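J.: This is the structure I want to talk about, given as structure tokens.
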Amino acid sequence: MAFQVQDIDETQAPLLDHLIELRSRLVRAIVALLVAFGLSLYFAGDILGFLIRPLTDAFPPGEGKLIYTKLYEAFFVELKVALFAGFFISFPIIANQLWAFIAPGLYAKEKKAFLPFLLMTPVLFTAGGAMAYYVVMPTMFTWMLGFQGEKGGLTLDALPAVGDYLGLVMQLILAFGFSFLLPVLLLLLNSAGIVSRQQLTGVRRYVIVAITAIAAVITPPDVVSQLMLLVPMWLLFEGSLIIMWLGERREAKIAVEGEAERTVPPA
């Protein structure tokens, strides 16, 4: 018979095993996120205070305030802060579960090639977020608060809402964090043979235009934050090209040494 139930069962069993494993990995990742969320919710006030510090420093000493215009706004802000912090805390566990799920399907060579990128991801994301917090936000907030003063006989004061402020902070941290992952993306594409260093070098001018457009879209509409994202992304792009060039030189050296060993006659 053309239709064999036994053959179908044999093909379905591995798929079911993978689905069961995927479910267990997802459950562990969700539990880790929930535990981190609960822990962050307990310290949500302290975390929010840490996120507010750049704005506090940008105001003159003793001045400045955050307001909320809806009675429930401050509560939901703390929930967002807890979820935001919980994701950062649980990300290593989530990434570990993802790696544990896909690693058995990779060859040893593929694991060695992929693992460095997995380790680089949280490092570069944290570096991008740190740059947004320690460099971009203080500079941008100081510049924006400079518009306060007398305008047309009236006093113009900055009274930011806590919900809007948190949205801006999260936008900046995520924008810089994900943008700093550009080398990971480019080096993965290069390792997979999808793009080469020569191709990227040939389209450098278009890449710079694309980076400029990305910086204009994902940052607030001010030149300061856009330039502070554009320049690091451009430098990361150039750094990726240098790493590719060094990798090509290393591979060429290994190939030459291997060819020399094959041509040396036995003693």
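J.: State which entries of LYS112/LYS253; LYS80/LYS111; LYS65/LYS151 exceed 27 angstrom in Cα-Cα distance in the structure shown.
T.: Too far apart for the 27 Å limit: LYS80/LYS111.
J.: Report, by chain and number, residues whose modeled amide H sits under 5 Å from the one on VAL195, excluding near sequence neighbours (fewer than 5 apart, same chain).
T.: Those lying under 5 Å, H to H, from VAL195 are ASN190.
J.: Go ahead and run the numbers for FRET between VAL135 and LYS80, Cβ-Cβ distance against an R0 of 25 Å, rounding to 0.05.
T.: Rounded to the nearest 0.05, the efficiency is 0.60.
J.: Over the stretch 32-105, consider all pairs of different Cα atoms and compute the Kirkwood hydrodynamic radius from their mean reciprocal separation; express it in Å, one decimal.
T.: 14.3 Å
J.: Report the gain in length on full extension from GLN171 to ALA158: 0.36 nm times residue separation, minus Cα-Cα distance, nm rounded to one decimal.
T.: Using 0.36 nm per residue and subtracting the Cα-Cα distance, I get 2.7 nm.
J.: Ordering PHE237, PHE37 from largest to smallest accessible area (1.4 angstrom probe), what's the sequence?
T.: The residues order as PHE37, PHE237, largest area first.
J.: Continuing with the same structure: Can you give the helix-only mean residue ellipticity at 222 nm for the chain, where every DSSP H stretch with n ≥ 4 adds -39500 (n - 2.57) and the sum goes over all residues, rounded to the nearest 500 deg cm²/dmol?
T.: -26500 deg cm²/dmol
J.: Right, next: Rounded to whole Å and sorted largest first, list the principal axis extents of the Cα atoms in the stretch 117-216.
T.: Sorted largest first, the three principal extents are 63, 30, 19 Å.
J.: Moving to a separate point now. What number comes out for the charge environment of GLU63, summing +1 per Lys or Arg and -1 per Asp or Glu over other residues with Cβ under 12 Å away?
T.: Computed value for this residue: -1.
J.: Near the amide H of ILE67, under 5 Å away, which other amide H atoms are found, from residues 5 or more places off or on another chain, if H is placed in the peptide plane?
T.: ALA161, VAL162
J.: How far, in nm, would the chain grow between LEU246 and LYS151 when pulled straight, counting 0.36 nm per residue and subtracting the alpha carbon separation?
T.: Roughly 28.5 nm would be gained on extension.
J.: If one computes P(r) from the Cα atoms of the chain, what percent of pairs lie at distances over 34 Å?
T.: Value for the chain: 42 percent of Cα pairs lie more than 34 Å apart.
J.: Under a point-charge model restricted to the Cβ atoms of Lys and Arg (+1) and Asp and Glu (-1), what is the dipole moment magnitude of the stretch 41-133 relative to its Cα centre, in debye to the nearest 20?
T.: My answer is approximately 380 debye.
The values are calculated or read from the model by the stated rules, or taken from the named source; none is laboratory data. Just so you know, these numbers come straight off a predicted model, no measurement behind them. Counting neighbours? That spans all protein chains shown, and the Cβs are built from the backbone with ideal geometry, glycine included. These accessible areas exclude ligands, DNA and RNA; they are computed on the full protein's heavy atoms, side chains included. Shrake-Rupley method; radii C 1.70, N 1.55, O 1.52, S 1.80 Å.
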